[in-house]
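The values are calculated or read from the model by the stated rules, or taken from the named source; none is laboratory data. All figures in this text were calculated on a predicted structure; none of them were measured in a lab. FYI the Cβ positions are ideal-geometry reconstructions off the backbone, even for glycines, and counts take in every protein chain you see.
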Amino acid sequence: MSKKTPNSRKSFEKGQNKDKQNIARLITYVEQTKYIEKGEQLTICKQFNLPYKKSVFANEYRKRFYNYLFYTTTTTADVCKQTNIPEKFLCQAKAYYEKKGLLQVLFSDRCPATKSKNVNFLSTNKRLFKEHYKIK
């Protein structure tokens with residue numbers, strides 16, 4: 001039995017390395033493409049010989065949201081319109097970054113996307129954050 005253990009360990013490690021390579025390729029692919037609908041994400045993962053990797057997609061779209069708001073102060077609806085990332089996901093990303101102190105509502109005004117009044121304008125650029133907001 002001890003002879004089989006090294007072989008199975010090597011086989012396991014080989015599989016792990018292949019998965020890491022495939023995940024790296026998937027990440028690169030997702031970074032270079034527009035928003036991929038949730039229904040298509042599983043198919044994309046299968047093309048890379050991987051099970052569904054929700055976190056790869058979520059991390060990329062969360063990063064896009066953060067970067068967009070770093071350079072553009074706007075509303076969640078406007079980010080949705082510009083990036084095609086669903087507003088439901090962007091609201092989750094907003095809560096994620098607010099909790100970490102990396103996003104702040106700067107002011108309320110008319111939304112450029114929906115024309116609704118009193119809509120929150122967001123930014124992840126700490127230089128624009130209000131003085132009373134504690135930044136660590």
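Brief remarks follow.
- Within region 50-64, the set of residues being assigned to a loop (DSSP other than H, G, I, E, B) and surrounded by fewer than 15 Cβ atoms within 10 Å (Cβ to Cβ) comprises P51, Y52.
- Any hit, region 44-56, residues being closer than 30 Å to N17 by Cα, charged (D, E, K, R) and within 18 Å of the chain's Cα centre (by Cα): yes
- Residue within region 77-85 that is of a type in the set (D, E, K, R) and touching a Cys at 6+ places or on another chain (Cβ under 6 Å) present: no
- Only one of the listed residues (L90, L102) is assigned to a loop (DSSP other than H, G, I, E, B) and within 17 Å of the chain's Cα centre (by Cα). That residue is L102.
- Test result for T73, in contact with a strand residue (DSSP E or B) (Cβ under 9 Å, 6 or more places away or on another chain), at pLDDT 95 or above and of a type outside the set (D, E): yes
- The set of residues from region 36-85 being of a type outside the set (A, V, I, L, M) and touching a Lys or Arg at 6+ places or on another chain (Cβ under 7 Å) comprises C45, F48, T76, T83, N84.
- In region 1-49, of all residues being among the aromatic types (F, W, Y) and part of a helix (DSSP H, G or I), the one that is modelled with the lowest pLDDT corresponds to F12.
- All conditions in (1) over 30 Å from G39 (Cβ atoms); (2) touching a residue at least 12 places away in the same chain (Cβ under 8 Å); (3) assigned to a loop (DSSP other than H, G, I, E, B) hold for T114, with the sole exception of (1).
- If the condition is being under 22 Å from Y35 (Cα atoms) and acidic (D, E), then region 66-111 contributes D78, E87.
- Hits in region 65-76 (condition: in contact with a helix residue (DSSP H, G or I) (Cβ under 6 Å, 6 or more places away or on another chain) and surrounded by fewer than 19 Cβ atoms within 10 Å (Cβ to Cβ)): Y68
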